[in-house]
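Data block below; observations after.
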Amino acid sequence: MNSANFKDMTGQRYGRLVVLERAENDRHGNAMWLCQCDCGHKKIAMGQSLRAGKTKSCGCLLSESSKKRLSKIVTKHGYSGTKIYSVYRAMIERCTKPQNKAFKNYGGRGITVCDEWMKDRERFFKWAVANGYKEGLQLDRIDVNGNYCPENCRFVTNKVNANNLRKNIKLEFGGETHTLSEWADITGISYTTIYQRFKEGKPAAEIFSRKNLKTGELLPEQGDK
């Protein structure tokens, strides 16, 4: 680093961090500083991030923020009745209860919920808040053939979730295996209709039926929508 541009930050406070001494530059040549956090932990941070206010603690601020967000979600009666509890309960039931209409596509396919979340719903709630949960988002498995666990789950918009399903769910019918999107192109049945039937647990013969399952009338050629 050019000494002419060097600024000694020793002793300066940035949020909860007090700079102790200069640390070794990172691999990009950025000036790094060893800092002491008010919570007692130490952290090496980039000088530029400290001065810009992007780094204000060792990470404890984020943890506290997550706890505050969690407390806002929870009512004085606990989690019961909250949106996040509904997300958790739906996840458990479609993997463990055969009477659930979605079980065939989850528990029936061997999809499970990790022990960590099954045994302690509080851990699921904390993970959810720390990983971007907010009302309106959906719990999504990154690998649709994988289980519900921290490393395979995320919260996404309905559009992203639909795209993930479109690209990854594969069904076998007539000796051929294709994604739902591909089947929509092949059959001329809309993707929405195929996915809705799939989600309801219909057998393949009904999923790809050219007839309206309620009226018996032929479906119009809609393509993949």
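The values are calculated or read from the model by the stated rules, or taken from the named source; none is laboratory data. Here the structure is a predicted model, which means the values were calculated and not measured. Cβ: placed from backbone, ideal geometry, glycine included. Neighbour counts: every protein chain shown.
Quick notes
- Selected residue (only one of Arg210, Arg121 is at pLDDT below 90, farther than 26 Å from Val87 by Cα and among the charged types (D, E, K, R)): Arg210
- Residues in the range 101-140 that are within 14 Å of the chain's Cα centre (by Cα) and assigned to a helix (DSSP H, G or I): Phe124, Phe125, Lys126, Trp127, Ala128, Val129, Ala130.
- Check on Ala184, among the aliphatic types (A, V, I, L, M), modelled with pLDDT of 80 or more, more than 20 Å from Thr82 (Cβ to Cβ) and touching a helix residue (DSSP H, G or I) at 6+ places or on another chain (Cβ under 7 Å): yes
- Matching residues in the range 40-68 - criterion: being surrounded by 15 or more Cβ atoms within 10 Å (Cβ to Cβ) and modelled with pLDDT of 60 or more: Lys43, Ala45, Met46, Gly47, Ser49, Leu50, Thr55, Lys56, Ser57, Cys58, Cys60, Leu61
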